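Scroll down for the structure; my scribbles are underneath it.
The values are calculated or read from the model by the stated rules, or taken from the named source; none is laboratory data. Remember, it's a predicted structure, so these values are computed and weren't measured experimentally. When we count neighbours, we look across all protein chains shown, and the Cβ atoms used for this are built from the backbone with ideal geometry, even at glycine.
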Amino acid sequence: MAARGHVQDPNDRRLRPIYDYLDNGNNKMAIQQADKLLKKHKDLHCAKVLKAIGLQRTGKQDEAFTLAQEVAVLEPTDDNSLQALTILYREMHRPELVTKLYEAAVRKVPTSEEYHSHLFMAYARVGEYKKMQQAGMALYKIVPKNPYYFWSVMSLVMQAISAQDEKLSQTMFLPLAERMVEKMVKEEKIEAEAEVQLYFMILERLGKYVEALEVVQGPLGEKLTSELQSRENKCMMLYRRLERWAECNALSCKLLLKNPDDWQFYILYFDSLFYLIDQSWAPPQEGAHSAEGEVHASTAQAISFMEDRIVTEEAKESKHLRGPYLARLELIRRLRERSCPEAQQLGEPLELMFQFFVKFGDKPCCITDLEIFLDLFTPDQHVQFINRLMEAVPLGAPGEDGVALPGDTRALQRHLCVTQLSRSLGQQHALNTEGKLGLIKELKAHYRHGLQFGKSCLKTELQFSDMYCLMAAHVYIDLWLETGDQNMLWQCLGLLEEGLSHSSSNAQFNFPYPLYIYMFPISSWRHLILNFKEYLLTRYAESLGQFAAASQSCNFSLRFFHSNQKDTSEYIIQAYKYGAFEKIPEFIAFRNRLNHSLHFAQARTERMLLDLFLEADTSSPLEESVKSMSLCPEEDDIPWDSLRDNRDLTVLVSWNPKDRQLNEEHKQHSLEDDTLWLRLRSLTLRLIGCVSALTHPPTSRNSEKTTENGVAAKPSSLQSLLSQLENTLNQATQFTEKQLQYPFVGPVPSRLAQALSSGCCQCQLSSLQLPLHLQELETAGLDESTELQTQISNLFKSLAVQLQDMLEKCKGDLLEVKDDQSKPQQFLLENLVYFVETVCIVLWVSNYCGSVLRPLKSSLQKKKKKKKEVSTVTPPVLSAYQEFSSSLQSLLNQALEHIKSQEISLTALKLGALSLEGQTQSEVRTFTKTAMDKVQSSYLRSLQEIGELLKKRADTLKSLKI
Amino acid sequence: MTTLRAFTCDDLFKFNNINLDPLTETYGIPFYLQYLAHWPEYFIVAEAPGGELMGYIMGKAEGSVAREEWHGHVTALSVALEFRRLGLAAKLMEMLEEISERKGGFFVDLFVRVSNQVAVKMYKQLGYSVYRTVIEYYSASNGEPDEDAYDMRKALSRDAEKKSIIPLPHPVRPEDIE
């Protein structure tokens, strides 16, 4: 907490220790100290607020709130109380209360610049743009400082941006903002660069590009100095909008002469050139070509401009830029697209790319540069191209194994580049199995040979030849996918282990490949900023039964997203303070993008499901868990229509040919895949909430409160959620029938397909349908419900059968040993997880069934006693329920036994003893063995966690007795 | 062969390839937003023709003008592995220096791990010299010892006599630096 400045105020001195306690996290002492102080000084309001902060931080939210309100109603005007309340409200996530606080304060002290400014910021935090506009103006009237005036203008712009009605923005908010700025311009009161920026923003949004251009080029534009080339960039943008291609062209020319490596201006140069050609633009009879100088409006001029750039570049002794050479290729592409014969004048692409390779082939980016121009070739040129490039790769004489190797890192990089290009051209994919194995051998030789150049590399540096290793791993995967040969997979994992042992910082070796087979410890991954890692980990950890790891990564993601929600507002406020107006809409869009993140919704949903599966009704009752996560079955908090896929898939290195690369269709499919799965999970979660509410209906005493928390479920929501779940299941089934395969280095499939094939979705649906019928039975009673009872009994029976079927699908060896080879069957683990999840749900539902049947049974017994009847038949529903509970018991026993036997056989399995085909070198065998050991221990860990959970669940069976 | 432009929030979604580098720190989102809100002109990204992000620089202006300590500071500079050895870092540094010149800074400074020899060498080539050593500036998370930093400086034209870069005779502690 910020230290307060005024030392002379005795209250500050008195409060000091409380601040210190709070700052040090000693909330208890803070509360005590505050109590002590309040005994002596009843009216020291701030002490109360500080006590409230202490209470809030120790989890006593309600008390804290009541105490804070005691002070807030007094409408305090002392700095201490106001600031403390602001902090408290922020921690309570109630920023709207801060606005109330300062509204009162400015009412009482209308001339305070400080309070007005706090009020403005408080509005900014909650996005009340109209009130911000007024608060800014009020501030300016008290203290006529320019920033305040422009805060008000910016708030008008924000009203325009956020208005649903575009017309309102264009005819009211923006013109008003424009007039406000114009007034200042006329009075010559414009002071800061930020003010000109804002003016520019307004004109741009109004589409007044001519006026904007005048501002940028006029005296006001001289203030635009912070950003480099700010005026030029703005002019360029406006020329494009105004379609002033002559100026656009001339300015690109000028900027390219200054920096012949800036790609964006080549693009603009070409774009404008062809527009001018299409318009048959001709220079004016006299005077300059354009406001920006000379214009190129013919192919010939463009060709000579390119050639001049290259001549200039060639004349330089060192540090050649790549821009001019690549721009020449880009021009060829564009001329060819327009079928211009002049394209030939620039040269043959194959030769030009060869020359480029000669110059830049030893740079790691050479592959990225040339890759985008590979489509200039016809397919029959591919081999020729690669052969031509090999001429410029200095390699030594072939060794015993027939592989010629480079003598230094530059030669290595050149060879690597050709290899990468060859993969990009599809040449590696075209090889048969034998060819691919030969290629792997060669790549490995290059990899191991290259390690000698990196002997002095630090731990934080990568090996020069790492990419060979990764590529060989990719080829192994190609082979595995083609042939289904498990050995290829083991060798791939072994090779990645080998790579890691020499280059522990290379994240690519850790990337998702191993995840398809097993889970590995999170700590071995480098932190990425936007949750791609957590996304993958949650996906795999959970489905493979490593619940602790899954929880951990969900938590990590949620912390990230929650702090984003809080933090972004602070930076919006900062942007106002520093006049970074153009960043404000950007921050708001960023916040929305994160809030609508698919992964955020996934992490929220999976986190809650995990908590329930792991804890509910074992360590705490289901209704407690549901309540503590404020799960509300009626409420759907996922923004389905605007879910954003924020995964950064580009982080995975691949040199696959274009037709095997990740494309938009894959991305779309993956988003749909994940969304469907999320929908299923979210509906399941809400249905569990319903079951909990049914089992423990809120008692009348605190019913008001529970309803407020949303725990009370109406039967209607159960019905509607069930039919939604059914619909989604149908959609999901249709979706999985499409069976689109993702590229291996790309998005990972959701759990949908495996879940459907395990039968868990259908089984969960069946069990969740039970409560509906039980509700009916509760109303009808036992006496006149024979048909209903038969129906329920049949449901119980069918459920038992479905569960048994699911369990059968879990049976089998996780590491199947056949013909002296082992085959990981992780889908068995996944099925086991689905079985356990389903068991949890079935147990909760059964618990509810028990709670309905128990009173029915006891009233029946009472009746019997009264009538003194000698035993009659038990009503069918009661016996069916009892049968069902005992079959559950036997199912769980079977499952536990299966897990135990798997644990025993896995532990006993000596994978290293299996023959590793084709692996003679003992060192290599060690790496493969390391990979195998990792898989083995990962599976064991999964089994342990699943087994423990299942045991806990089995213990709750006795509570089902009626 | 690079597009140099202002870093925007959306770039945070795709700069992972740069930050995979073991010596590049990945900060929390607030840290980046703070820079974007306060010094947007100092946050520049380089983009390849294919759209990949190649590298970025993030900096700020700070210090007292009266005490002749107003200067540009390099907070982060990183280039993706495949775009190294192209002079991109030098280009980005040049831009940051130019911005600092315009703001009337006396010098530009930066902190670098003592062990990061590649970077230290590069900064020396760009005209930077070690002004002081900061003891245990980088805290290690995995039980390894904390690491020292070099505070490296380069004088700008406003400091014609290069007073700002005269090396301190003794190392300092992190709490002693402003």
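Quick look at the numbers
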| read-out | value |
| --- | --- |
| Test result for A:Asp408, closer than 28 Å to B:Ala48 by Cβ and loosely packed, with under 14 Cβ neighbours inside 10 Å | yes |
| Count of region B:58-77 residues which are at pLDDT below 95 and either under 16 Å from the mean Cα position of the chain (by Cα) or surrounded by 21 or more Cβ atoms within 10 Å (Cβ to Cβ) (or both) | 0 |
| Residue match in region B:86-99 (condition: in a strand (DSSP E or B) and in contact (Cβ under 8 Å) with a residue 12 or more places away in the chain) | no |
| The lone exception for B:Ala61 - which of (1) among the aliphatic types (A, V, I, L, M); (2) over 20 Å from B:Lys162 (Cβ atoms); (3) within 14 Å of chain A (Cβ to nearest Cβ); (4) assigned to a strand (DSSP E or B) it fails | (2) |
| Residue list for region B:100-127, restricted to those being assigned to a helix (DSSP H, G or I), facing chain A (nearest Cβ under 10 Å) and under 21 Å from B:Ala66 (Cα atoms) | B:Arg102 |
| Matching residues in region A:163-188 - criterion: being surrounded by 13 or more Cβ atoms within 10 Å (Cβ to Cβ) and either touching a strand residue (DSSP E or B) at 6+ places or on another chain (Cβ under 6 Å) or not in a helix (DSSP H, G or I) (or both) | A:Ala163 |
| A:Asp401 in contact (Cβ under 8 Å) with a residue 40 or more places away in the chain and within 14 Å of chain B (Cβ to nearest Cβ) | no |
| Unique match (being more than 14 Å from chain B (Cβ to nearest Cβ) and either within 24 Å of A:Leu119 (Cα to Cα) or buried (at least 18 other Cβ atoms within 10 Å of the Cβ) (or both)) among A:Phe587, A:Phe560, A:Phe581, A:Phe547 | A:Phe547 |
| Test: residue in region A:355-364 that is within 14 Å of another protein chain (Cβ to nearest Cβ) and surrounded by fewer than 18 Cβ atoms within 10 Å (Cβ to Cβ) | yes |
| Condition met for A:Val295 (under 30 Å from A:Leu405 (Cβ atoms) and not polar (S, T, N, Q)) | no |
| Matching residues, region B:22-62, being in contact (Cβ under 8 Å) with a residue 24 or more places away in the chain, among the charged types (D, E, K, R) and more than 19 Å from B:Gly87 (Cα to Cα) | B:Glu25, B:Glu41, B:Lys60 |
| Test: A:Phe377 is closer than 22 Å to A:Trp655 by Cα, of a type outside the set (Asp, Glu) and crowded, with 18+ Cβ neighbours inside 10 Å | no |
| Residue that is surrounded by the fewest Cβ atoms within 10 Å (Cβ to Cβ) [pool: residues in region A:99-125 that are among the aliphatic types (A, V, I, L, M) and touching a residue at least 60 places away in the same chain (Cβ under 8 Å)] | A:Met121 |
| Search result, residues across region A:69-96 that are part of a loop (DSSP other than H, G, I, E, B), among the charged types (D, E, K, R) and closer than 11 Å to A:Cys46 by Cβ | A:Asp78 |
| Options A:Asn249, A:Asn233: the member that is of a type in the set (S, T, N, Q) and within 14 Å of chain B (Cβ to nearest Cβ) | A:Asn233 |
| Extreme residue, farthest from A:Pro324 (Cα to Cα), among residues of region B:29-43 that are within 7 Å of chain A (Cβ to nearest Cβ), touching a Phe, Trp or Tyr at 6+ places or on another chain (Cβ under 9 Å) and of a type outside the set (A, V, I, L, M) | B:Pro30 |
| Hits in region A:614-628 - residues which are assigned to a loop (DSSP other than H, G, I, E, B) and either acidic (Asp, Glu) or surrounded by fewer than 15 Cβ atoms within 10 Å (Cβ to Cβ) (or both) | A:Asp617, A:Ser619 |
| Region B:8-28, subset of a type in the set (S, T, N, Q), outside any helix (DSSP H, G or I) and facing another protein chain (nearest Cβ under 7 Å), residue nearest to the chain's Cα centre (by Cα) | B:Thr26 |
| Residue in region A:904-919 that is at pLDDT 85 or above and hydroxyl-bearing (Ser, Thr, Tyr) present | yes |
| Subset tally (residues that are of a type outside the set (Ser, Thr, Tyr), within 19 Å of A:Asp375 (Cβ to Cβ) and more than 11 Å from chain B (Cβ to nearest Cβ)) for region A:312-354 | 21 |
| Meets criteria (within 12 Å of another protein chain (Cβ to nearest Cβ), surrounded by 21 or more Cβ atoms within 10 Å (Cβ to Cβ), of a type in the set (A, V, I, L, M, F, W, C) and within 16 Å of the chain's Cα centre (by Cα)) for B:Phe83 | no |
| Region A:440-461, residues that are within 14 Å of chain B (Cβ to nearest Cβ) and of a type in the set (Ser, Thr, Tyr) | A:Ser456, A:Thr460 |
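Residue by residue, here is whether (1) surrounded by fewer than 21 Cβ atoms within 10 Å (Cβ to Cβ); (2) in contact with a helix residue (DSSP H, G or I) (Cβ under 7 Å, 6 or more places away or on another chain); (3) at pLDDT below 95; (4) under 28 Å from B:Asn17 (Cβ atoms) holds:
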{"position": "A:Val295", "(1), (2), (3), (4)": "no, yes, no, no"}
{"position": "A:Lys316", "(1), (2), (3), (4)": "yes, no, yes, no"}
{"position": "A:Lys319", "(1), (2), (3), (4)": "yes, no, yes, yes"}
{"position": "A:Tyr325", "(1), (2), (3), (4)": "no, yes, no, yes"}
{"position": "A:Arg333", "(1), (2), (3), (4)": "yes, yes, no, yes"}
{"position": "A:Arg336", "(1), (2), (3), (4)": "yes, yes, no, no"}
